[in-house]
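The structure appears right after this line, and notes come after that.
Laboratory data are not the source of any read-out in this text; all were calculated from the coordinates shown. These numbers were taken from a predicted model, which means no experiment stands behind them. All Cβ positions, glycine included, derive from the backbone under ideal geometry; neighbour counts span all protein chains shown.
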Amino acid sequence: MTTLLALRNLALRPWRSLFLLFGYGLGVAVMIVLLAIGEALLIQARDEKLVGGGSITVLPEGIDVEVMKTGGLGGLFFSIDHARFIYQQLLAAPRLGSSVADVAPQIEGKLLYLRTPGGRELPILASGEIPSRTAALGSMPAIDMGSWNDDTLDRVWRDPSPAELRDAIDHLHLPPQSVRGDPTWAEWHYFNVLSADRTRWAFISLIVGGAVPDGEWGGQVLVTLHSQGGASRRFVATLPSRVVRFSTTHADLSIGESSVTILPDGRYRVRAHAAEEGSATPIDVDLVVAPTPRAYLPGAALASGEVVSGYVVPGLRADATGTICIAGTCERYDGAQSYHDHNWGVWRGVTWEWGAARAGAYTLLYGRVQPSDSAAASQPLFVYVVDSIGFLGLFRPLSIQYEDHRVVRVKGGTLAVPSRATMVDVRGGDTLRVELMIEDATATDTRQPSVERGETLANRAITHPYFVQMKGRMRLSGRVNGRPLSGEGAGFFETYR
């Protein structure tokens, strides 16, 4: 009977019946959706892999959160490179102090393997966090017994002293297995210092090179003095490995009587003793180099086959105080403009573009490593900008445009080298224009020994064998975060011809 009444009602009033059926179906569908959402919220509330307590979660670019949560192949080995730098110089930096209350680095469900004394390997999921930061974010788990506080490693990660930061980013290395025994391996601490009138400057390098640590290797000290428009003087000391001391956990390096030592307050004590090529005139360098806080590049390493190249800049903006003495006659530096970087790797066939300069309140670093057997030369440069409170911006100009209107003398003739250079980049609303005005330049044939960057770099089969070192002015203009960039100052630049 009910079926018959429904059919007759549908025949007599078809549109009203269809409308009622549609409304009933829509109501059922809405109920199903609401139940599904409620179930999903309940599942997520019980999911131990979801981190609570914060407003924003920072993940590597391109990570699929669902793949990461479900343990898919793309989520197995993800990490945030230089997480400590991002924490200290970006998220927890003074620049974002008005917008960011607290930052808590956390690792959730990281796949590790536990090896037992019997040699058995067990897969485990591990999590990690810094207790004080997690508590500040409001996501500290309940602790039934005992206490959970920051230990020394937690403190060093989140708030290292200047000396601890230097050791963490500026320590020395052993060659990786892929290049172990390669005689072109070299690693060095490099410093430069500029006189107050900008007419005299020194390059100081303490180098470990050769088949470290099991083959034939040693240390080298190079000091090159320059005067604008004048000839350069080169001082060298080459010593055997038995008088070389370095550490893979500390930045200290000693080569005979020469050394780089980290002082308790994070400054560098630089001592160098060498003799002038040709005359054996002695030089003694005794400088204390004080890096400006937050003005550093945390470092990067390139590894591709036999090409290994590492680079870190602990003192992008620094001041030097002390003396450089030649045969007992000393020149005094007080708070002079200085710079410190650290390089390591295998340099067969490798060239680079590089420069660092002050530009008023800003300090700028640019560069690019160019292995001869790759397409790296077509890759953009990086331009790294800092100001008084640390990292400000990163740009990637496609190229650097040189005007080779200067001429320097080299063995057997002359060589055209840059007189000016320009780099330009636009990234969204940020713009950058860098102009270099070269005031002095020298060129060294890298096919000969005692190259400025290390004797182990000699006899390299590169297309452009002349290593060009330049001193000049940098002019900076553009905008970052809606604010104008403007400044000019002195710096040093390198290229190849």
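Sequence-distant or interchain residues sharing an amide H contact under 5 Å with F382, placed H: which?
The answer is G367.
Size of the dipole of the range 268-336 about the Cα centre, Lys and Arg at +1 and Asp and Glu at -1 on the beta carbon, nothing else charged, in debye to 20?
Working: 5 positive and 8 negative charges, 76 e Å.
Once rounded to the nearest 20, the dipole reads 360 debye.
If amide hydrogens are placed 1.01 Å from N in the peptide plane, which non-local residues have theirs closer than 5 Å to the one on D440?
Result for D440 returns K471.
Between L90 and C325, what is the label-point separation in nm under the 7 Å Cα-to-beta-carbon projection?
4.8
In sequence order, what are the phi-derived ³J(HN,Hα) couplings for the range 170-179 according to the Karplus relation 6.51 cos²θ - 1.76 cosθ + 1.60 with θ = phi - 60°, rounded to whole Hz, with x for glycine and proline?
The phi angles translate into 10, 5, 8, 9, 9, x, x, 4, 5, 10 Hz.
Measuring from label point to label point, each 7 Å out along Cα→Cβ, what is the A126 to W148 span in nm?
In this crude spin-label approximation the distance works out to 1.6 nm.
So if each residue of separation counts as 0.36 nm, and I subtract the Cα-Cα distance between D159 and T199, what length gain in nm does that give? Could you put the intermediate results ahead of the total?
Working: separation 40, 0.36 × 40 = 14.40 nm, distance 3.91 nm.
That pair, D159 and T199, stretches by 10.5 nm at full extension.
Starting at 0 and stepping by 10 Å, how many percent of the alpha carbon pairs of the range 162-346 end up in each bin?
Whole-percent P(r) values from 0 Å outward: 10, 37, 36, 16, 2.
Which whole-Hz ³J(HN,Hα) couplings does the range 479-487 yield from phi under the Karplus relation 6.51 cos²θ - 1.76 cosθ + 1.60, θ = phi - 60°, glycine and proline marked x?
With the stated coefficients, the range 479-487 comes to 9, 9, 6, x, 10, x, 9, 7, x Hz.
Please give the FRET efficiency for I80 paired with I32, using the beta carbon to beta carbon distance and R0 = 30 Å, rounded to the nearest 0.05.
Working: r = 39 Å, r/R0 = 1.31.
The formula returns an efficiency of 0.15 here.
Around D404, which amide H atoms from residues at least 5 apart in sequence, or from another chain, sit under 5 Å from its own amide H, with H modelled in the peptide plane?
For D404, whose amide H was placed from the backbone, the distant partners under 5 Å are S419.
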